[in-house]
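In what follows, a single structure is set out as structure tokens and then discussed.
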Amino acid sequence: MDNVKRRLLTIPKKGERVFIADTAKVFGEVYIGNDVSIWYNVVIRADVEKVIIGNYSNIQDGSVIHVTKDKYPTIIGNYVTIGHSVTL
């Protein structure tokens, strides 16, 4: 449980020229590269492991990104599009 608390207190780290829509929820140990867009109603929940989003990537409306507890982070490479309503 201490790991979860630590990650929830971590402020996501953003690169340059990042757009995060006002209805998106991004919390926990999240690293966002340069020129990334995170659109409306996206949830990125890095409470039990980290999420890394590469440069020039695009997370479209309604997508959910999560992780596996203390085992597997979610790593999205450079120039990746996650389409509408995708769950990772």
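Worth pointing out:
- Region 26-88 - share of DSSP beta bridges that are antiparallel (%, nearest 5): 5 percent
- Of all aspartates and glutamates in the structure, those lying under 19 Å Cα to Cα from K50, and not within fewer than 8 positions of it along the same chain, are D2, E29, D70.
- Label point at Y56 placed 7 Å out along Cα→Cβ; residues across region 11-40 whose backbone nitrogen lies under 20 Å: 14-20, 31-39
- The heavy atoms of D70 offer some 70 square angstrom of accessible surface to a 1.4 angstrom probe.
- Just checking the listed ones, Y72, Y56, Y40: in the Gaussian network model of the chain with Cα springs under 10 Å, the one fluctuating most is Y72.
- Euclidean distance of C-alpha centroids, region 52-88 and region 3-35, integer Å: 12 Å
- Each distinct pair of alpha carbons in the chain adds a 1/r term; the inverse of their mean, the Kirkwood radius, is 12.6 Å.
- If you sort T68, T81 by accessible surface, 1.4 Å probe, largest first, the order is T81, T68.
- Take the Cβ atoms of V64 and N34, set R0 to 22 Å, and the FRET efficiency comes out at 0.40.
- Against the criterion of solvent-accessible heavy-atom surface with a 1.4 angstrom probe, I11, I20 sort, most first, into I11, I20.
The values are calculated or read from the model by the stated rules, or taken from the named source; none is laboratory data. This is a predicted model, so every value here is computed, not measured. A quick note on method: Cβ atoms are made from the backbone with ideal geometry, for glycine too, and the neighbour counts reach across all protein chains shown. Side chains are part of the model used for accessible areas, which takes the heavy atoms of the whole protein and leaves out ligands, DNA and RNA. Shrake-Rupley method; radii C 1.70, N 1.55, O 1.52, S 1.80 Å.
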